[in-house]
Amino acid sequence: MSEINNYYQSIIDKVNKLIEEKQYDEAIFLLEDELNTPYIPIDFQTVMEDLLITANADKNYFSGLNLVEKLNRKQLIDAIVSNNKLNSSALYLFFERYQNKIDEEELLIFENHFVNRKIDNEEKTSLFEAMAFQKINNNFRYYNNNLKEEFDINPIETKIFEQIPLYIETKDIINSLASKEPSLLNFCFNILLAIYKYYFPLIPNYDPKDLAHSICNYMLSTLQGKSVDKNEVTDLIKKLLHINLTI
């Protein structure tokens, strides 16, 4: 490994240790300082950008946990969705305390979140993923704001993203296509996930190869300042990017 590679690997190792020790401010400062310098090898830049996202997310999560740890059961479940936004700290603490004791009234509260048309699909799918992880076996009604349609879902039975063969196949194709542009990889994966969340609980009716190529070409064309080929997928990507920038 070259001297420059050794340097950046040492930075990454130090940041990982800081995150492990929950010294988030120091980790964030170190990453931002390095990312503001020119000529970072692209592979290390991608890793450090991912670490910065992780450090900020962990910092916000544990800060939020401190704010909710003194709440009682009723206050905690009321805090899970506040102002139509999911409070992941409140949700985590609720499941930690009451995972095997959730009553019918509380399940109904969760269902009310799923059918609430003011709550964004992103928040709803994040809530559902958490419930699937906790293996909560219950049938819920779910309203997809994008499709304007109601569905029946169950955290045990309804497949989510990484459990769907077409999702995995598309992700593998993207990984192959973007192997020479690693900085694009996470952006492409995030768009793929956003597309699946857009249709959830339905599975997008796209050929995996067409979907993967459209996503990669969109990101590469955007990066290079070229015009994007217009098709159903790229139109949806533009819509999703607009939604994410405005919510």
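Being outside any helix (DSSP H, G or I) and over 18 Å from A194 (Cα atoms) is the filter here, so list the residues in the stretch 102-137 that pass it.
In the first step, residues of the stretch 102-137 are kept if they are outside any helix (DSSP H, G or I); the result is 102-103, 116-120, 134-137.
Answer for the stretch 102-137, where residues must be outside any helix (DSSP H, G or I) and over 18 Å from A194 (Cα atoms): I102, D103, N116, R117, K118, Q134, K135, I136, N137.
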Exception for N175 within (1) under 17 Å from the mean Cα position of the chain (by Cα); (2) over 21 Å from L86 (Cβ atoms) falls at (1)
Reported set for the stretch 180-205 where residues are crowded, with 16+ Cβ neighbours inside 10 Å and either among the basic types (K, R) or touching a Gly at 6+ places or on another chain (Cβ under 6 Å) (or both) is K197
When residues of the stretch 131-148 are limited to those that are within 18 Å of L93 (Cα to Cα) and in contact (Cβ under 8 Å) with a residue 12 or more places away in the chain, the one surrounded by the most Cβ atoms within 10 Å (Cβ to Cβ): M131
One residue is enough: does the stretch 161-171 have a residue meeting the conditions surrounded by 13 or more Cβ atoms within 10 Å (Cβ to Cβ), farther than 30 Å from M48 by Cβ and within 21 Å of the chain's Cα centre (by Cα)? yes
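Only one residue in F128, F200, F151 is more than 21 Å from the chain's Cα centre (by Cα) and touching a residue at least 40 places away in the same chain (Cβ under 8 Å), so which one is that? So that I can check it myself, show each step before the final result.
Numbers: F128 fails: more than 21 Å from the chain's Cα centre (by Cα); F200 fails: more than 21 Å from the chain's Cα centre (by Cα).
Going through F128, F200, F151 in turn, just one is more than 21 Å from the chain's Cα centre (by Cα) and touching a residue at least 40 places away in the same chain (Cβ under 8 Å): F151.
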Listed residues E149, E169, E232, E181; which is at pLDDT 95 or above and farther than 30 Å from D103 by Cβ? E169
In the stretch 30-83, which residue that is part of a helix (DSSP H, G or I) and among the basic types (K, R) is nearest to K118 (Cα to Cα)? K74
From the list D78, D50, D103, pick out the single residue that is surrounded by fewer than 16 Cβ atoms within 10 Å (Cβ to Cβ) and either farther than 30 Å from N154 by Cβ or polar (S, T, N, Q) (or both). D50
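The values are calculated or read from the model by the stated rules, or taken from the named source; none is laboratory data. Quick caveat: nothing in here was measured; it's all calculated off a predicted structure. Don't worry about glycine lacking a Cβ; one is built from the backbone with ideal geometry, like all the others, and counts go over all protein chains shown.
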